[in-house]
Amino acid sequence: MEEGDPASGEPTYAAGTETVVAPFGRAAKAGTVFISGMHSDTNPSPGLSVARSLRLAWPGLRIVGLDYSPESSGLHSDVLDDLVCLPTWRRAHLETWVEQMCRLLEPDDALLIPCLDLEVRLLATELGFHDKILGPSKASLDMVRKPPVDAAERLGVRVAESETDTSWHAIDRFVRRSPHGVWVKGEVYDAYRAYTAGEVLALGSVVEHTWGGGWHLERHVAGQECSIAFAALNGRLLDAVFVTKALVTVAGKTWAGEVAELDDSLRDGLADLVADARWTGGGELELIRSWHGDLTLMELNPRFPAWIHGASVCGINLPAALVAGRAASRDGLLAPGFTRVVEEIPVNPTLGITPFGWVAGGLPRPADKHPSGMSCLGQRHLVPAERAAAPEESIPAPTSTAAQTGGFEELLGPPGPEATPSRHLLLPLFAEQFQALKEQVEGLGRVLLAHSVKTCPQPAVLREAARLGMVAEAISLAELEAADRFGLAAEQGILNGPAKWWPATDRVRCWAFFADSLAELRSLHARLDSGFELEAEVVGIRAAPVHVASRFGIPLHEPEAMAEAAGLLGSLARRLGAAWGLHFHFAQSVLGASRWQRECAAALGAADPLADQMGRPPAVLDVGGGWHIDDMPYVRASLGYVLEHGPAAAREADPLLVLEPGKILTQPTVAVVTQVVVRRESRKHCDIVVDAAEGDMPEAPYQPHPVARFDGSRWVPLPPGRDRILGRSCMEHDVLGVRLDLSDVQEGDILAFGMCGAYDTSMAYDFGRGTASRELGHS
Amino acid sequence: MTGLLSELKRFERIDLSRVACHGTACCTAVRHRVFGRLMQYANMGAALAAVPELIRWGPVRWPAHWCDLPEGDGLTGDCGVHADVAAAVLTREAVPHTRGRAVLRPAPLAPAHWRASWTEAGAGDAWIAGRVVHHEVIKVGDQWWDPSEARWFSGAGAHLSGGRVLAVREEHGSWQLDSEASATHARP
Ligand SMILES: [Zn+2]
Ligand SMILES: [Zn+2]
């Protein structure tokens with residue numbers, strides 16, 4: 001600032017010595033160019049890059065860096081003639097800022113290139129159209145709001161699948177259907193990768209807390225990251241460049257890139273987009289190029305990207321084109337790409353070095369640690385929200401059957417006189433799901449459906465399974481016996497799991513069993529030697545997954561394990577006079593359909609080499625269960641994939657295909673009815689405590705459950721919102737529902753949780769009732 | 001030089017800030033809200049950094065009571081509040097310190113923002129002079145602590161994010177000037 005007040009700086013037209021190659025002409029029309037967003041670290045703002053590009057074009061141009069903290073590192077660079085340091089947004093006054101920006105731009109030959117997302121939006125809102133600001137107007141910004149569906153259409157590229165419903169259930173479903181993970185994207189800024197619904201919920205609240213706005217989800221698209229940067233003036237496309245990222249930082253920021261011209265169709269599409277939006281300023285389209293070469297648009301930023309000088313050094317100088325109002329003619333590229341290097345520079349003596357700032361570890365990291373402090377600007381809500389916060393606009397997911405996550409309440413009668421919490425069996429849903437599954441597997445060959453006893457050992461359910469023609473799948477002899485008592489004959493049953501011979505007995509008869517380990521195979525031989533009587537038509541082994549870690553199964557993808565398994569299995573089958581089979585199980589609800597079918601096909605692929613060593617093909621392929629209730633429509637396609645891409649034996653030897661549909665049938669068959677004990681309000685949201693607890697529905701803290709409230713005459717589903725339902729126990733994690741709107745719920749109201757069958761019922765336990773647990777060994 | 005000296009004279013008349021207490025629940029509840037939160041930190045740097053995170057920087061009308069600090073969901077206080085709270089934390093942990101003041105030369109466009117915010121809030125802006133501002137700090141050992149920024153600084157001549165430190169003065173002490181900076185400042 002020793003150079004004098006930047007606002008009254010004399011226009012120093014780029015003098016341009018005779019030796020300088022000046023494709024834009026020796027002198028810029030502009031006298032002073034202000035550039036904001038000067039911080040340069042591993043996640044740099046674009047300002048310094050823009051300044052360097054202008055300096056490259058006009059060595060004598062007066063360039064002034066502008067930012068909101070002396071810690072903004074680019075302000076210290078000697079590429080600048082002067083700098084403007086404004087107070088951080090935590091300490092800035094809006095009208096004063098507007099006045100000062102206007103005053104800086106008073107000289108006829110002054111220009112501003114804003115390079116901070118939120119600042120671009122604030123300028124557009126507060127200053128409206130301003131002919132000295134080379135940034136997009138409010139109307140232009142409105143045309144390209146997130147997700148950029150219209151922009152993608154104009155460019156003729158795809159757009160990533162997104163989800164704006166941020167209820168727990170919608171998040172859970174979207175994550176399960178995104179095999180490469182999802183991005184939690186803030187309305188204006190910030191994106192975090194997540195792989196589970198739990199991570200999404202946590203990151204969503206980070207975004208809300210940091211930026212003070214809403215968020216949505218986008219499916220990650222696997223591929224090569226690339227970008228189109230462009231410069232435009234009043235809707236006229238001046239120039240553009242296509243960059244493919246070659247090196248990225250841990251945070252995914254560009255470190256090196258390959259530079260290319262746009263192809264004609266992209267250029268035409270971009271020119272149309274820019275014309276329709278009447279765009280002024282820099283811009284960036286973030287894209288993913290798939291292996292096949294097609295492009296998906298992820299993001300449209302209303303400013304130059306931070307790597308823009310990388311294109312300039314290759315000969316495509318967009319900042320200079322923007323200031324000159326035209327592109328320089330060029331004859332090929334000066335270099336095929338660029339890379340960054342790290343450079344240490346002395347601090348500007350006027351700004352000095354700011355000492356280390358301490359942070360309070362226990363509180364959330366202060367939002368304004370990035371020197372430009374844009375998150376503080378976000379929190380002050382000075383920029384109008386682009387979209388209403390998600391809960392207000394989320395649309396309830398369409399429901400097709402009562403078994404899906406909405407609609408259970410239609411089958412539930414009015415609350416009776418019984419004490420709450422109470423468990424209600426909705427048996428018709430079991431048969432309904434069974435029919436739906438039968439339709440999915442029709443035409444897939446010979447299929448056997450086995451009821452997974454552990455997912456619902458209720459006598460009524462076991463009888464219903466028997467009535468529908470299912471067999472039992474048990475993980476212990478105790479289960480097999482219980483199933484037998486209610487009509488699922490033990491001699492038709494399947495034994496699975498690592499301890500299937502428990503409790504110990506001398507004699508077992510079943511239809512099939514699948515050994516979980518080599519040790520189990522060895523010990524079976526030993527037990528048969530010492531008189532154990534075992535009858536089975538099929539002996540099999542469980543294959544461990546190939547790509548995901550699991551404590552179960554034999555790693556048949558390891559040759560030693562394969563050789564030993566084949567030997568032990570072959571001799572066991574001969575001893576018992578049985579056929580052989582192969583089993584895969586990993587919860588589809590964890591992997592999602594796409595990853596599950598690949599894992600299943602890969603693991604069952606072991607059937608072919610096993611068949612070679614055994615000298616005959618498998619009689620049975622068992623694909624397990626663990627399917628998510630919402631994914632019923634995917635069953636057919638996933639099994640089709642497994643049959644097509646799994647072992648050749650599946651296609652050639654006509655093995656019996658066994659499915660063990662557990663929770664996909666039983667999840668909807670139980671509702672838990674509960675009463676509201678306490679309602680507690682805070683300024684921002686409310687919590688209620690109900691008389692049910694995680695002991696009554698153990699999966700509730702980890703899986704979304706639909707909830708309905710009885711309004712005196714009927715059950716009404718609770719809409720999404722920001723409130724929580726807490727269980728009555730004293731455990732921190734006893735949270736039964738989140739992101740719900742509980743404004744209509746009062747103390748004493750009766751609520752019902754749907755989807756409480758399966759493990760919510762079979763694993764339920766007494767807790768906090770003063771009852772002592774059953775003494776082990778004294779059943 | 002004379003310019004700076006007369007500003008220093010004027011700043012001396014500003015009392016170091018002490019948040020007052022009504023002695024009733026209105027104030028003791030706010031005190032509890034602040035110190036209950038700050039007690040969780042086992043590390044002094046983290047505890048002192050939590051002060052400006054807990055109490056957002058902004059205008060306060062002096063003399064202020066604890067019950068004047070809540071605003072919206074949070075608490076608001078100026079560097080005087082930050083210094084008073086930080087000093088209380090240091091006292092509780094038996095870290096010897098003295099209160100003090102600094103004169104900063106902020107970036108040229110900054111004071112206008114602060115004057116506007118303080119005027120809007122109806123708070124006195126005596127701490128903002130022409131091109132320099134008064135700022136409350138703490139001396140710990142032979143170092144200075146900026147309670148609003150949670151940073152150590154060496155004294156006159158240092159740079160804080162609020163500006164260059166032209167002078168510092170311990171309570172009951174005398175001004176220490178940064179010779180180079182005061183010379184610059186005196187230049188018309
Ligand atoms: Zn009070
Ligand atoms: Zn201060």
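In Å, what Kirkwood hydrodynamic radius results for region A:48-135 from the alpha-carbon pair distances? Display every interim value, and only then the final one.
Values: mean 1/r = 0.0723 Å⁻¹.
One decimal place: 13.8 Å for the Kirkwood radius.
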Inset, instruction - Would you mind checking the tilt of helix A:197-211 against the longest principal axis of the Cα atoms of chain A, expressed as 0 to 90 degrees and rounded to 10? - result: 20
Legend entry - Exposure ranking of B:Asp68, A:Asp67, A:Asp131 by accessible area [1.4 Å probe, largest first]: A:Asp131, B:Asp68, A:Asp67
Legend entry - Simple label model, 7 Å out from Cα along Cβ direction - A:Glu644 to A:Val79, nm: 5.1
Legend entry - Selected from A:Pro545, A:His645, B:Ala156, residue furthest toward positive end of dipole (the protein assembly as shown; charges at beta carbon): B:Ala156
Legend entry - Area projected by the alpha carbon convex hull of region B:3-184, averaged over all directions, nm²: 10.3
Inset, instruction - Using a 10 Å cut-off on Cβ to Cβ distances, tally the other chain neighbours for every residue of A:86-97 and report the average as a whole number. - result: 6
Legend entry - Built amide H within the under 5 Å cut-off of B:Ala64, gap 5+: B:Ala20
Legend entry - Computed label-point distance, nm, for sites A:Glu537 and A:Glu747 using a 7 Å Cα→Cβ extension: 6.2
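So what's the net charge close to B:Phe11: Lys and Arg +1, Asp and Glu -1, counting the other residues with Cβ under 9 Å from its Cβ?
On the way: positive: B:Lys9, B:Arg10, B:Arg13, B:Arg101, B:Arg169; negative: B:Glu7, B:Glu12.
Around B:Phe11, the charge tally is +3.
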Legend entry - For A:Phe584, net neighbour charge (Lys/Arg +1, Asp/Glu -1) across residues whose Cβ lies under 9 Å away: -1
Legend entry - Positive dipole terminus of region B:3-184, leading residue within B:Val19, B:His135, B:His82 (C-beta point charges): B:Val19
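Relative contact order of chain A, please, whole-number percent, based on alpha carbon pairs below 8 angstrom and at least 6 residues apart. The partial results should precede the final answer.
Details: 1693 pairs, mean separation 82.2, N = 779.
Computed value for chain A: 11 percent relative contact order.
Set the Förster distance to 60 Å, then compute FRET efficiency between A:Arg463 and A:Asp263 from the Cβ-Cβ distance, nearest 0.05. Kindly include the intermediate steps, with their values, before the conclusion.
Working: r = 66 Å, r/R0 = 1.10.
The computed FRET efficiency comes out at 0.35.
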Legend entry - Computed label-point distance, nm, for sites A:Val677 and A:His180 using a 7 Å Cα→Cβ extension: 4.7
Inset, instruction - Return the FRET efficiency for the residue pair A:Val342, A:Asp506: r is the Cβ-Cβ distance, R0 is 56 Å, and the value is rounded to the nearest 0.05. - result: 0.15
Inset, instruction - Using all C-alpha to C-alpha distances in the protein assembly as shown, build P(r) with 10 Å bins and read off the rounded percent in each one. - result: 2, 10, 16, 17, 16, 15, 12, 8, 4, 1, 0
Legend entry - Distant-in-sequence amide H partners of A:Val84 (H built 1.01 Å from N, under 5 Å): A:Gly65, A:Leu66, A:Asp67
Inset, instruction - Take the Cα atoms of region B:12-79, find their three principal axes, and give me the spread along each one in whole Å, biggest first. - result: 35, 32, 22
Legend entry - Extended-chain gain in nm, criterion 0.36 nm per residue less alpha-carbon gap, A:Val548 and A:Ser571: 5.3 nm
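With +1 on each Lys and Arg Cβ and -1 on each Asp and Glu Cβ, how big is the dipole of region B:3-184 about its Cα centre, in debye rounded to the nearest 20?
Rounded to the nearest 20 debye, it is 140 debye.
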Legend entry - Rounded tilt (10° steps) of A:94-104 against the dominant C-alpha axis of chain A: 40
Legend entry - Listed residues A:Val453, A:Ile288, A:Gly352: farthest to the positive end of the dipole of chain A (Cβ charges): A:Val453
Legend entry - Net charge of Cβ neighbours under 11 Å - reference A:Phe514; Lys, Arg +1; Asp, Glu -1: -3
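Out of all Cα-Cα pairs in region A:256-341, roughly what percent, to the nearest whole number, are more than 14 Å apart?
Values: 2626 of 3655 pairs.
I get 72 percent for the Cα pairs in region A:256-341 exceeding 14 Å.
Can you give the relative contact order of chain B as a percent, counting alpha carbon pairs under 8 Å and 6+ residues apart? Before the final figure, lay out each step's value.
Numbers: 307 pairs, mean separation 43.6, N = 188.
Reported relative contact order: 23 percent.
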Inset, instruction - Name the residues whose placed amide hydrogens come within less than 5 Å of the amide hydrogen of A:Leu448, ignoring near sequence neighbours (fewer than 5 apart) on the same chain. - result: A:Leu657, A:Val658, A:Leu659
Legend entry - Average other protein chain Cβ within 10 Å of Cβ, residues A:75-85: 1
Inset, instruction - Could you pull out every one of the lysines with an alpha carbon less than 23 Å from that of A:Lys663, ignoring same-chain neighbours closer than 8 positions? - result: A:Lys438, A:Lys454, A:Lys500
Inset, instruction - Two decimals is fine: what is log10 I(q)/I(0) at q = 0.21, 0.25 Å⁻¹ for region A:489-558, from a Debye sum with one equal scatterer on every Cα and no solvent? - result: -0.92, -1.19
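Can you put A:Arg103, B:Arg10 in order of accessible area, largest first, using a 1.4 Å probe? List each step's numbers first, then the result.
Working: A:Arg103 110, B:Arg10 85 Å².
From most accessible down to least: A:Arg103, B:Arg10.
Figure the gain on full extension for A:Leu528 and A:Asn234 (residue separation times 0.36 nm, minus the Cα-Cα span) and round it to one decimal in nm.
On the way: separation 294, 0.36 × 294 = 105.84 nm, distance 8.60 nm.
The span from A:Leu528 to A:Asn234 would gain 97.2 nm if fully extended.
Under the rule of -39500 (n - 2.57) per DSSP H run of 4 or more residues, summed and divided by the residues of the protein assembly as shown, what mean residue ellipticity at 222 nm is obtained, to the nearest 500 deg cm²/dmol?
-8500 deg cm²/dmol
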Inset, instruction - May I ask you to list the lysines whose Cα is less than 21 Å away from that of A:Lys29, ignoring any residue fewer than eight positions away on the same chain? - result: A:Lys132
Legend entry - 0 to 90° range, to nearest 10: angle between helix A:47-57 axis and chain A longest Cα axis: 50
Inset, instruction - Go through region A:528-543 residue by residue and turn each phi into a ³J(HN,Hα) via Karplus (6.51, -1.76, 1.60, θ = phi - 60°); whole Hz please, and just put x for glycine and proline. - result: 4, 4, 9, x, 4, 9, 10, 10, 7, 8, 10, 10, x, 10, 9, 8
Legend entry - Solvent-accessible surface (1.4 angstrom probe) belonging to A:Phe129, in square angstrom, nearest 10: 150
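The values are calculated or read from the model by the stated rules, or taken from the named source; none is laboratory data. Predicted, not measured: the structure shown is a model, and the values here were computed from it. Quick reminder, even Gly has a Cβ in these numbers, built from the backbone with ideal geometry, and neighbours come from all protein chains shown. Only protein heavy atoms, including side chains, enter the accessible area calculation; ligands, DNA and RNA are left aside. Shrake-Rupley method; radii C 1.70, N 1.55, O 1.52, S 1.80 Å.
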